[in-house]
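The values are calculated or read from the model by the stated rules, or taken from the named source; none is laboratory data. From a predicted model like this one, the values you see are computed outputs, not experimental measurements. Note that we place each Cβ from the backbone using ideal geometry, even for glycine, and neighbour counts take in every protein chain shown. The protein model used for the area step is the full one, side chains on, heavy atoms only, and it has no ligands, DNA or RNA in it. Shrake-Rupley method; radii C 1.70, N 1.55, O 1.52, S 1.80 Å.
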Amino acid sequence: MMDASAAKNGGLAAHPKGLAYLAATELAERFSYYGMTALLALYLVKQLLLPDHAGNVLGLAPLRQLFEFRGPISDKAFASLIFGWYSGLVYFTPILGGLLADRLLGARRTVILGALLMCAGHLSMSFDASFLVALVMLILGSGCLKGNVAAQVGALYPPAAESLRARGFTLFATGINVGAVLGPLAAGSVAALYGWHAGFALAAGVMLLAFCIYLAGQRHLADPRPEHADRIALPPLTPEERQRTWALIGLIALTIPANIAYPMIWNIGIVWIDQHVDLLSPFGAVPASWFNSVESFSSIAIAAPLVALWTWQARRGREPGNIAKIGIGSAIVGAAALLFALGCLTAGADGRVSVLWALAGFIGMGVAFMWFWPILLALISQAAPAKVNATLMGGAYLSLFAGSTLMGWVGSFYDQMSNAAFWTLDAAIALGGAMLVFLFRKPLQRVLDPSGVRAPDR
């Protein structure tokens, strides 16, 4: 915590000590999460679902029967469905974690519970038998931790320190991005050298480090207690507020196509690279899992140039509106997927695609993310009625939940199509979403009037 006088000073020293602990905690947690995610699809396809291993996994056979309600599916399709539901539920459970913290345990104890569940989940990934149990623990643990750590960041600052709080969240977000870049590189390298389970064990070890960092910083952190008093009844929404609320719900729904096509790179994208992209380098073969770091790094690298571009356009009165930016971002997702399709069409005689096509596509996806997702959050925070602002901010993540689960279903058709056709389908989903955004842009603009909204950092 800090007092108001400290907030007037500049530099890192002006921030409360708790920020460093929370940023380090989130860096290590995101390292473990993105490291594990970079391995998941390949691990399923190349080891766990093979006959010698699948029989050892508790509950896997009933789950497969559930997914095969319309008929038999291939191992790749099964892997895609598992990945999609895991990714989707990771974005759904923070709603439950927020309720648990607000109504029962408080933020501190909820984060500790989440960290313990994630440590156990990552460790359980090191054994075939406990794979599904591990995923459940990771989903629940992420729900307890994600969001509640960020809430504690905000509680560190006094109400008057708005500017310093914004800079604090930027530093906090930097930790997330650094973890997202380093996790796939480290876990992918360890898995390539020592096996899949060693990669998962690294993620477990770093998650344990996150837990220890969080415990070490307890005396510097705020712990908002859950509210047990009766809630004050708010007046109903006015007709104008209801109209804005429905417009924002519609806009959130319009981002689902982009959130289907974009995370496909973490699922089918990694499998496609491993099987069809030329990964040889002067130093040996590059692990396919490293490409997840390319997308995260490109999002970091493009942030400052994008802000500069929009500032330059604004001075000339040509900056796109926020809804237009969301449409442009969705279109860039489609264009990036088309780069994968073009790479497939230009494959060499050995069927291998040049690594440049894969790099360009992953970089394009990272750039696209910065065009549409932070802009959506900024628009909701500005335009949502105060009575439902927090609800709609949380509701935005339901687009990621729906998009990720649908992504798994779309990915299940990968081995039933040519590679070029599959990536063209992925592109068509995003481009179709972009067309819908532009189709409804003017009526949404009239309702929301998002003039002056600025996009936050990732």
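Structure summary
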| item | result |
| --- | --- |
| The range 89-127, subset aliphatic (A, V, I, L, M) and in contact with a Phe, Trp or Tyr (Cβ under 6 Å, 6 or more places away or on another chain), residue surrounded by the fewest Cβ atoms within 10 Å (Cβ to Cβ) | 115 |
| Residue that is farthest from the chain's Cα centre (by Cα) [pool: residues in the range 52-81 that are within 15 Å of residue 41 (Cα to Cα) and of a type in the set (A, V, I, L, M, F, W, C)] | 54 |
| Some residue of the range 321-336 being under 17 Å from residue 180 (Cα atoms), under 24 Å from the mean Cα position of the chain (by Cα) and open to solvent by less than 50 Å² (accessible area, probe 1.4 Å) | no |
| Residue within the range 362-375 that is out of contact with any helix residue (DSSP H, G or I) (no Cβ under 6 Å at 6 or more places or on another chain), not in a loop (DSSP other than H, G, I, E, B) and not aromatic (Phe, Trp, Tyr) present | yes |
| Matching residues, the range 128-155, being of a type outside the set (A, V, I, L, M, F, W, C), in contact with a Pro (Cβ under 9 Å, 6 or more places away or on another chain) and either over 30 Å from residue 45 (Cβ atoms) or open to solvent by 30 Å² or more (accessible area, probe 1.4 Å) (or both) | 146, 147, 148, 152 |
| Cβ pairs under 7 Å, 6+ apart, first in the range 44-57 and surrounded by fewer than 18 Cβ atoms within 10 Å (Cβ to Cβ), second among the basic types (Lys, Arg) and part of a loop (DSSP other than H, G, I, E, B) | none |
| Any hit, the range 272-284, residues being surrounded by 14 or more Cβ atoms within 10 Å (Cβ to Cβ) and small (Gly, Ala, Ser) | no |
| Condition met for residue 451 (open to solvent by 50 Å² or more (accessible area, probe 1.4 Å), at pLDDT below 90, out of contact with any Ser or Thr (no Cβ under 7 Å at 6 or more places or on another chain) and among the hydroxyl-bearing types (Ser, Thr, Tyr)) | yes |
